[in-house]
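Chemist: Right, I'll just put the structure down here and ask away after.
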Amino acid sequence: MTKANILITGASGYLGGTLLARWQSAQILGYEKLYALIRTKQFSSLSGLPNKRPLLDTDPELYELQKNANPPMKEMEVSLDTNCHVVELGLEFRVKTYVFSPCIVYGKGEGFGNPISIQTVDIVNAALACKYVYSITDPSDKWPVCSVSDTINYAILLIKAVLNGQDLDYGKNGFYLASSGRLCWMDLYKGVAKALYNRGLINDDNVRPITEEARETISKGLGITPDTIELKVAGNSWYEPDHAKAIGWKPEFGPERILELVDDEVSLILGNLTDSPRGHR
């Protein structure tokens, strides 16, 4: 039987780098060659996909939903198009593809590139730019969340299951979400506000409704246009994991864990801020 080759994208990034750092200790066997590329927000209200009902990663229509989505932002269009293109190329060349979807991820990365996440960093940078924390989204909006250790453990289990020949969904049905549950953005905003205020870096620990002036300041601080702020630190997603059952993945930490560790997360971010992120989502 021919052994498989494995391609890992984003190897210098937060998640890809952590996966490679744990590769040897995870004792992943049964493959020929491992390729790593040094080089996305999907499944949300910002992607043009349904966000009024649970959307499972086992939904048989998930590929078609992405293919036919009409996202309001160009970056989301590129992200969804990439997912579909990878799947289509896999079908064309008879290569099984598995699209692994992270969410809000927190904790210290272990790779050689970027040691910090993206969305938590953007919340901190937005606050530092304004000296206040602003709510960018509806108070009831939620987003999937998962610790970096749980996320990477899922990725390792998925890779091992594939190499062991387990009958898993792939291609148009091969979308895998790592999430321990959904968390209100407002709770995360409040935690970051408290941590930054306690360090004397912002003027108070309140969370304010967004204003046009603040929107302009935040966009400059994040290096983006004002109309894309929601793409970085807001949105509502009903995307839920269901494929995890097939490989026996259960997260060690619930979604509230990030709130318990938000002060540590802010310290990690402040200690690793640069002019531009190292690596990508």
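The values are calculated or read from the model by the stated rules, or taken from the named source; none is laboratory data. Since the structure is predicted, the reported quantities are computational estimates derived from the model, not experimental observations. Every residue, glycine as well, gets a Cβ built from its backbone with ideal geometry; the counts of neighbours run over all protein chains shown.
Chemist: Check segment 219-233 and report whether any residue there is more than 21 Å from residue 103 (Cα to Cα) and β-branched (Val, Ile, Thr).
Modeler: First, the residues of segment 219-233 that are more than 21 Å from residue 103 (Cα to Cα): 219-221, 223, 225-227.
Subsequent filtering for residues that are β-branched (Val, Ile, Thr) retains 225.
The answer is yes; a qualifying residue exists.
Yes/no per residue for (1) modelled with pLDDT under 90; (2) assigned to a helix (DSSP H, G or I); (3) surrounded by fewer than 15 Cβ atoms within 10 Å (Cβ to Cβ); (4) not β-branched (Val, Ile, Thr):
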{"position": "85", "(1), (2), (3), (4)": "yes, yes, yes, yes"}
{"position": "111", "(1), (2), (3), (4)": "yes, no, no, yes"}
{"position": "116", "(1), (2), (3), (4)": "no, no, no, no"}
{"position": "125", "(1), (2), (3), (4)": "no, yes, no, yes"}
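Chemist: Okay, moving on. Within segment 219-260, can you find the residues that are in contact with a Phe, Trp or Tyr (Cβ under 7 Å, 6 or more places away or on another chain) and within 29 Å of residue 198 (Cα to Cα)? Spell out the reasoning first.
Modeler: Step one: list which residues in segment 219-260 are in contact with a Phe, Trp or Tyr (Cβ under 7 Å, 6 or more places away or on another chain), which gives 234-235, 237, 239, 243-244, 249, 258.
Residues satisfying the conditions are 234, 235, 258.
Chemist: Which of (1) of a type outside the set (Asp, Glu); (2) at pLDDT below 85; (3) within 16 Å of the chain's Cα centre (by Cα) does residue 144 not meet, given it meets every other one?
Modeler: Of the numbered conditions (1) of a type outside the set (Asp, Glu); (2) at pLDDT below 85; (3) within 16 Å of the chain's Cα centre (by Cα), the odd one out for residue 144 is (2).
Chemist: Residue check, residue 182 against (1) under 30 Å from residue 201 (Cα atoms); (2) more than 13 Å from the chain's Cα centre (by Cα); (3) not hydrophobic (A, V, I, L, M, F, W, C), all met but one. Which one?
Modeler: (2)
Chemist: Could I ask something else about it? List the helices (runs of 4 or more DSSP H) inside segment 181-281, counting only whole elements, that have at least 2 residues being buried (at least 19 other Cβ atoms within 10 Å of the Cβ).
Modeler: Details: elements: 185-198, 212-222, 229-233, 244-247, 257-260, 262-270.
Result: 185-198, 212-222, 229-233, 257-260, 262-270.
Chemist: A follow-up question, please. Checking residue 17 against (1) within 22 Å of residue 156 (Cα to Cα); (2) in a loop (DSSP other than H, G, I, E, B); (3) of a type outside the set (A, V, I, L, M, F, W, C); (4) modelled with pLDDT of 85 or more, only one condition comes out false. Which one?
Modeler: Among (1) within 22 Å of residue 156 (Cα to Cα); (2) in a loop (DSSP other than H, G, I, E, B); (3) of a type outside the set (A, V, I, L, M, F, W, C); (4) modelled with pLDDT of 85 or more, the lone unmet condition for residue 17 is (2).
Chemist: Looking at (1) within 12 Å of residue 123 (Cα to Cα); (2) modelled with pLDDT under 95, which one does residue 269 not meet, given that it meets all the others?
Modeler: Going through (1) within 12 Å of residue 123 (Cα to Cα); (2) modelled with pLDDT under 95 one by one, residue 269 breaks only (2).
Chemist: Note down all Cβ pairs under 7 Å where the first residue falls in segment 168-179 and is in a helix (DSSP H, G or I), the second is surrounded by fewer than 24 Cβ atoms within 10 Å (Cβ to Cβ) and at pLDDT 95 or above, and they're at least six residues apart or on different chains.
Modeler: Correct list of pairs: empty, since none qualify.
Chemist: If you go through segment 36-82, how many residues are assigned to a helix (DSSP H, G or I), modelled with pLDDT under 75 and of a type in the set (S, T, N, Q)?
Modeler: Result for segment 36-82: 2.
Chemist: Every residue in segment 213-250 that is closer than 19 Å to residue 186 by Cα and either at pLDDT 90 or above or not polar (S, T, N, Q) (or both), please.
Modeler: Answer for segment 213-250, where residues must be closer than 19 Å to residue 186 by Cα and either at pLDDT 90 or above or not polar (S, T, N, Q) (or both): 214, 215, 218, 229, 230, 231, 232, 233, 234, 235, 238, 239.
Chemist: Oh, and also: Select from segment 219-278 the residues that are in contact with a Leu (Cβ under 9 Å, 6 or more places away or on another chain) and among the β-branched types (Val, Ile, Thr) and write down the one among them that is nearest to residue 165 (Cα to Cα).
Modeler: So the residue we want is 247.
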